[in-house]
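Step one of this worksheet: look at the structure below.
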Amino acid sequence: MALNEQNLLEIKDLKKYYTIKSGFRDKNKRVVKAVDGIDISIKKGEILGLVGESGCGKSTLGRSILRLIEPTSGSIIYNGSDILSFKKKDVRMMRKDLQIIFQDPGASLNPRMTIGEIIGAPLDIFGLAKGEAKEKRILELLQLVGLNSDYVNRFPHEFSGGQKQRIAIARALAVNPKIIICDEPVSALDVSVQAQVLNLMKELKQKLDLTYLFISHDLSVVHHLCDRVAVMYLGKIVEIADKDQLYKNPSHPYTKALLSAIPNPDPEAKSERIILEGDVPNPADPPSGCTFHKRCAYRLDICSSKTPCLKGIEKSHLVSCHLYDKEKSFNSQVGNNISNG
Ligand code: SF4
């Protein structure tokens, strides 16, 4: 399958739908569209940020890419092959190249295993090193993430949150991955520790030529780390742009509201906080048309009946909003192959 040369990963029309019932006796099944037709791609060596409120589907998207959750449909092209067509054995091999770091490092580390065993487990699973070579590699990985090699025989409970996340990073790096899905990797950490872990991730990305999909609800963190940013709302991407474009010229009303909530360290600076109307809609019963229309201060008549699609409003900047329907459409690809409406 042809892959745009620059793109390491291309996700096309990816969907993850869940069928639910509201109660034991409820015969009416409803569909929750957790991920609803996502088209994004990630270039080699870039950090793509994925932001949005809790429950918008960003973690489901991250896990679907690794097939930790089975997507309903779509395609995920990696190395010329569609990951969704892989058999079990191939999925296992794919996970050597695509790793994940979870939000809660405490929960992601087995409390009964020593740090050496945790970091060494992927080496055993993929048959990458044995005996002395394995021990050497474990110590090398500990050093790489800034931990003392003496920690190798200790257990996870003996470490702080930041140290545990460093251990989780070392485990992910053990197999020399190409892409790491970082699912809110610093949101469970103290603010002082967050910066250290983010700087470590940045450093490792350079040193090891890594590519990240960085999932977060914290726009300050995303600004610090990412090259491009995609904003997600109720299972869809509503805006995607290079970081500077998005932060200087947020165009979707939802992105504007998210950015207005970032605290400004300058007390003199005038910033107007946009308070969103209403609550996040029930994903099992989303509003018609633009799913954001009930909370949007800019809504037009068309917004409640017609779903907007992503359209290039400037080079490398796509927005899904009827406010831009009449604007000249840029055929910007934002490093992906989306055909814009
Ligand atoms: Fe608001 Fe309409 Fe744009 Fe949706 S399409 S964000 S409701 S203006």
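Among the DSSP beta bridges whose two residues both lie in segment 176-303, what percent are antiparallel, rounded to the nearest 5? Mind showing how you got there, number by number?
Details: 6 of 11 bridges.
DSSP beta bridges in segment 176-303 are roughly 55 percent antiparallel.
Which net charge results when you count Lys and Arg as +1 and Asp and Glu as -1 among the other residues whose beta-carbon is under 12 Å from that of Lys164? Before the final figure, lay out the partial values.
Details: positive: Arg154, Arg166, Arg171; negative: Asp104, Glu158.
Here the count lands on +1.
Tell me the net charge near Pro185. Cut-off is 15 Å between Cβ atoms, Pro185 excluded, with +1 for each Lys or Arg and -1 for each Asp or Glu.
Numbers: positive: Lys58, Arg63, Lys164, Arg166, Arg171, Lys202, Lys205; negative: Asp104, Asp183, Glu184, Asp190, Glu203, Asp218.
Summing Lys and Arg as +1 and Asp and Glu as -1 gives +1.
Quick one: 3J(HN,Hα) in Hz for segment 76-81, Karplus 6.51/-1.76/1.60 with θ = phi - 60°, rounded, Gly and Pro as x.
10, 8, 10, 6, x, 10
Do the sum for the chain: with -39,500 (n - 2.57) for every DSSP H run of n ≥ 4, divided by all residues, what is the mean residue ellipticity at 222 nm, to the nearest 500 deg cm²/dmol?
Values: 10 runs with 99 residues, N = 341.
My calculation for the chain gives -8500 deg cm²/dmol from helical runs alone.
Calculate how many DSSP beta bridges within the chain are antiparallel, expressed in % of all such bridges and rounded to the nearest 5. Each step should come with its number before you reach the end.
Details: 31 of 49 bridges.
Within the chain, antiparallel bridges account for around 65 percent of the total.
Could you list which residues have their amide H under 5 Å from that of Cys309, counting only those 5 or more apart in sequence or on another chain, with H placed in the peptide plane?
Residues meeting the criterion, in which the H sits 1.01 Å from N, are Cys321.
Please build a GNM for the chain, connecting alpha carbons under 10 Å apart, and tell me which residue among Gln103, Gln206, Gln165 fluctuates the most.
Gln206
What ranking do His223, His252 get, fewest neighbouring Cβ atoms within 10 angstrom at the top?
Details: His223 17, His252 28.
Exposure proxy ranking, most exposed first: His223, His252.
Over the chain, what per residue volume does the convex hull of the Cα atoms give, in whole Å³?
Details: hull volume 55.9 nm³, N = 341.
Given the Cα convex hull of the chain, per-residue volume reads 164 Å³.
Determine the sum of side-chain charges near Gly57: Lys and Arg each +1, Asp and Glu each -1, restricted to other residues whose C-beta is under 9 angstrom from that of Gly57. Working shown, then result.
Details: positive: Lys16, Lys33, Lys58, Lys236; negative: Asp36.
Charge balance near Gly57 sits at +3.
So for the chain, averaging the separation of alpha carbon pairs under 8 Å that are six or more residues apart and normalising by length, what relative contact order in percent results? Present the calculation step by step, with values, prior to reporting the outcome.
Values: 638 pairs, mean separation 66.7, N = 341.
For the chain, the relative contact order is 20 percent.
Ordered by residue, what ³J(HN,Hα) values in Hz, to whole numbers, does segment 114-119 give under the Karplus form 6.51 cos²θ - 1.76 cosθ + 1.60, where θ = phi - 60° and Gly and Pro are x?
6, 4, x, 5, 5, 6
³J(HN,Hα) across segment 168-179 via Karplus (A = 6.51, B = -1.76, C = 1.60, θ = phi - 60°), whole Hz, x for Gly/Pro?
For segment 168-179, the Karplus-derived couplings read 4, 5, 4, 5, 5, 6, 4, 9, 6, x, 9, 10 Hz, x marking Gly and Pro.
Got the relative contact order for segment 113-180 handy, in percent, Cα pairs under 8 Å and 6 or more residues apart?
Numbers: 65 pairs, mean separation 31.2, N = 68.
Reported as a whole number, the value is 46 percent.
Rule-based calculations on the coordinates, nothing more; no lab input. Quick caveat: nothing in here was measured; it's all calculated off a predicted structure. For neighbour counting, all protein chains shown are included, and Cβ atoms are generated from backbone atoms with ideal geometry for every residue, glycine included.
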